Amino acid sequence: HTVLVNLLLRVLLLSVLSGAAAALPLASFFNGTAHFEFVSKAQFGSSMNVGFQFVVRDNVWYMFHREYGFEPAPSYCKFDYARIVVTNSTDQGRTWSKEIVVTSPVPNTAQECAIVDGGGYFDEPTNTWYYLAQCLDRNHAWMMCVYSRVGSTPNGPFTPSPHNPVVKGGQLWSRICSLPGAHCQPTMVDEGTPEIVLKDADGYFYVTFHGWDAQHDASARGVAKTQDFVAWEVSGTGLPNDAIFTSLDCNKWNISWANQRCVGGGEGSILIEDGYMYQLIEAPDISLGCLTTPGQQNWVLGLSRARQFLPTGQWEQFSAVPTVIPAVKQGCYIQYHRIFKDNTDVYLEYFADNWMQIFRLVAGPGPLPLIAGPPPNTTRSL
């Protein structure tokens, strides 16, 4: 009898512990009943080796990022010279495997100088990995290129599309901003920081990307869909027929913007969960370029959600926007953030104070906004 009681107590305790450790949806953070708790930190050589993006498969975290300084740049690459690598973690980012090259600059191609700041995606039905990135040639105008690899993991070289660049600067924005009622101007260009958000039942990949309009000091984030990364649709079923984020979304955030306005959005990360698209996006003032003199520029992150891709101004804003603010008011102090989930938990990642930092969603309310600074037990970087 005593043995049975003890066994039942153990089963009950394990059940309670299991319940306590059960995955929390991002909705619990949105509703104020959960917060993010620090898990891990990492550095990957130079502070230029960022642009982190995560794909989780079989509970292995595959992280793509750019890499500079791997070899001398050719004389025709006056600015950036970078490649993409991938690394793996099975312990929530505490340790990472040796980086494997995904793709490198190739002379006389659209990627002859740089491939940076893209997004990976695993297409289960075709057992194919895709990586869509910004690419740069000697003409120094950012474009987008796509790469693919067949196999269960992304650990190996990807093949460049023969159609690269699959998007030239302004190709998508000029069409989006020419739609009736669009909240942007056709002078917007620089499609960048692409994220492949989803693939629908009709075989369309939905891709988000930022843009910059120097004539109007405005930035935005938009979305387009494609079945082959060559032909792109910017309006119609499943699309908002407008940008998804502009200054219309961030102007009224609880922050003192320079000139009383934000310029719009930049890099964004979307997590789809329980029928919602949760978007965490960066928003600066003055410019989408990094003004790194302390005190000069606001550069913050804000969270919103929608049931589908909605036009700018129509996403449901989180109660605390901005949601993440820097410990030091400085352009690009917070960079390359992501929200993602594995088999058990939801995670927030960002690069701040020269560290990639990862946080896990846990039960209970926490202070808002989140302050991005040095990770725990780390002296501030200078």
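The values are calculated or read from the model by the stated rules, or taken from the named source; none is laboratory data. None of the values given here were measured: they were computed from a predicted structure. Note: ideal-geometry Cβ built from the backbone for every residue, glycine included; neighbour counts use all protein chains shown. Remember, those area values only see protein heavy atoms, side chains included, never the ligands or the DNA or RNA. Shrake-Rupley method; radii C 1.70, N 1.55, O 1.52, S 1.80 Å.
Does TYR131 count as under 26 Å from ALA243 (Cα atoms), surrounded by 18 or more Cβ atoms within 10 Å (Cβ to Cβ), touching a Phe, Trp or Tyr at 6+ places or on another chain (Cβ under 8 Å) and at pLDDT 95 or above? I'd like the intermediate steps shown before the answer.
Numbers: under 26 Å from ALA243 (Cα atoms): yes; surrounded by 18 or more Cβ atoms within 10 Å (Cβ to Cβ): yes; touching a Phe, Trp or Tyr at 6+ places or on another chain (Cβ under 8 Å): yes; at pLDDT 95 or above: yes.
Yes; evaluated as a whole, the condition is true for this residue.
Testing GLN53 on (1) under 26 Å from LYS199 (Cα atoms); (2) open to solvent by 20 Å² or more (accessible area, probe 1.4 Å), one condition comes back false. Which one is that? The number of the failed condition is (2). Residues in segment 356-365 that are open to solvent by 50 Å² or more (accessible area, probe 1.4 Å) and assigned to a strand (DSSP E or B) were compared, and the one that is farthest from PHE340 (Cα to Cα) is ALA363. Within the set PRO162, PRO186, the sole residue that is more than 21 Å from the chain's Cα centre (by Cα), more than 20 Å from ASP242 (Cα to Cα), in a loop (DSSP other than H, G, I, E, B) and not hydroxyl-bearing (Ser, Thr, Tyr) turns out to be PRO162.
Just one of VAL207, VAL166, VAL197 is in contact (Cβ under 8 Å) with a residue 40 or more places away in the chain, farther than 21 Å from PHE309 by Cα and hydrophobic (A, V, I, L, M, F, W, C); which is it?
Details: VAL207 fails: farther than 21 Å from PHE309 by Cα; VAL197 fails: farther than 21 Å from PHE309 by Cα.
When all the criteria are applied, what remains is VAL166.
Can you confirm whether LEU368 is outside any strand (DSSP E or B), touching a His at 6+ places or on another chain (Cβ under 9 Å) and not acidic (Asp, Glu)? Criteria met by LEU368.
Which ones in segment 71-82 are out of contact with any Phe, Trp or Tyr (no Cβ under 6 Å at 6 or more places or on another chain) and open to solvent by less than 50 Å² (accessible area, probe 1.4 Å)? Give the steps one after another, and end with the answer.
Going residue by residue through segment 71-82, those that are out of contact with any Phe, Trp or Tyr (no Cβ under 6 Å at 6 or more places or on another chain) are 71-72, 74-81.
If the condition is that a residue be out of contact with any Phe, Trp or Tyr (no Cβ under 6 Å at 6 or more places or on another chain) and open to solvent by less than 50 Å² (accessible area, probe 1.4 Å), then PRO74, CYS77, ASP80, TYR81 are the ones that fit.
Of a type outside the set (A, V, I, L, M, F, W, C), open to solvent by 10 Å² or more (accessible area, probe 1.4 Å) and under 22 Å from the mean Cα position of the chain (by Cα): does that describe GLN227? Considered against the rule, which asks whether it is of a type outside the set (A, V, I, L, M, F, W, C), open to solvent by 10 Å² or more (accessible area, probe 1.4 Å) and under 22 Å from the mean Cα position of the chain (by Cα), GLN227 comes out as yes. Of all residues in segment 256-311, those satisfying the criterion of being among the hydrophobic types (A, V, I, L, M, F, W, C), in contact with a His (Cβ under 9 Å, 6 or more places away or on another chain) and in a strand (DSSP E or B) are LEU280, ILE281, LEU301.
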